[in-house]
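None of the figures in this text is laboratory data; all of them are computed from the coordinates on show. Remember, it's a predicted structure, so these values are computed and weren't measured experimentally. As a convention, Cβ positions derive from the backbone with ideal geometry for all residues, glycine included, and neighbour counts pool all protein chains shown.
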Amino acid sequence: MLETYLPILLTFAAAVGFAVVATFSSEWFGPQTPNPEKHSTYESGVKPLGTTKDRVSIKYYMVAMLFIIFDLEVVFVYPWATEFGTLFGEHGVAAFWSMMIFLIVFEFGYLYAYKKGGFKWA
Amino acid sequence: MTLASVLFYFFATIAVAGGVLMVTRKNPVHAVLFLVLNFAGVAGVYLVLNAQFIAVVQIIVYAGAIMVLFLFVIMLLKLGGEESVFARQPFVKTLSIVIAALIGAQLTYVFFFAAPDKGTMVDMETGVYPGTVKAIAETLYTKYLLPFEAVGFTLVAATVGALVIGKKKLED
């Protein structure tokens, strides 16, 4: 049973391996000649002013909230998409339309957000 | 040791380490990132327990969306120079230790004394079937079709609510 996850494990190992190698290979293989100028935030740039932990605009939060709603939609589409072959065999086009009605209803929320400028940066 | 138990201990270690590192970080953003690691470990444990749907939802919703919200809340609140809650109210520390000890005792009782063999006797293939993607798909789009379509309306309501509350000025 668990052996069927081997491809996922391999993909995961490749992802982690790539991340580690890409992050650290320049440190491992590149020549190291450190000096204070190199370690400043921007070489020949402006010294950082103030703190970086400042408050950000609430607009970002709007994006996050809309993202959550669309994320939840994905949760409902996911079992349908993976089992569509079986569902279609058992129930025919009803299996297709069950999701389409859900998506059409959901699209009204999307249209509302689009119309009310929910995706605009203002 | 079987492959399942090796994987269980692997993911459980990740989850516990992520949890411990999360509560001990001073920087809240680092704490959130370790919480993501904890969620990933828990998702792995779900996968070992054959609950694929919960594992996928754990990644999509918790490690994805909920963590984005956590990060945004931290960014919106300007946390910094925060005094430890224990320093301000010493009794909170005692209280939290007591609560943690009670939960620990309860879990120890449930795992080792309440029914030590009943939990492990269940056949995994049949025991977890109702939680698999297949079982959910078989019932959600047929037997529970109406509640499923109603969820669509709930999500529309959530979209409208988020925009009305969060947006300063709605366009026409």
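How large is the charge dipole for the protein assembly as shown, taken about the Cα centre, if only the Cβ atoms of Lys, Arg (+1) and Asp, Glu (-1) carry charge, to the nearest 20 debye?
Once rounded to the nearest 20, the dipole reads 1280 debye.
What is the angle, in °, between the Cα long axis of helix A:6-29 and the longest principal axis of the Cα atoms in chain A? Nearest 10 is fine, range 0 to 90.
20
Checking the table A:K38/B:K26; A:K120/B:K167; A:K59/B:K168; A:K116/B:K78; A:K59/B:K26; A:K115/B:K168 against a 21 Å threshold on Cα-Cα, which pairs fail?
A:K38/B:K26; A:K116/B:K78; A:K59/B:K26
Along the charge dipole of chain A, which of A:T51, A:W28, A:F67 sits closest to the positive end, that is, farthest toward it, with unit charges on the beta carbon of Lys, Arg, Asp and Glu (+1, +1, -1, -1)?
A:T51
Quick one: which of A:98-111, B:95-108, B:46-59 comes out on top by average Cβ neighbours within 10 Å, and what's the full order, highest first?
In descending order of packing, they fall as B:46-59, A:98-111, B:95-108.
If one computes P(r) from the Cα atoms of the protein assembly as shown, what percent of pairs lie at distances over 31 Å?
51
Quick one: P(r) of segment B:1-41 from all Cα-Cα pairs, 5 Å bins, percents rounded to integers, in order of increasing distance.
With a bin width of 5 Å, the distribution comes to 7, 29, 24, 16, 11, 7, 5, 2.
Taking R0 as 22 Å, what FRET efficiency do you get between A:Y5 and B:K134 from their Cβ-Cβ distance, rounded to the nearest 0.05?
Once the sixth-power term is evaluated, E becomes 0.85.
State the volume of the convex hull built on the alpha-carbon positions of chain A, expressed per residue in Å³ and rounded to an integer.
Per residue, the Cα convex hull of chain A comes to 207 Å³.
When the Kirkwood hydrodynamic radius is evaluated over all pairs of different C-alpha atoms of segment B:1-82, what value in angstrom, to one decimal, is obtained?
13.4
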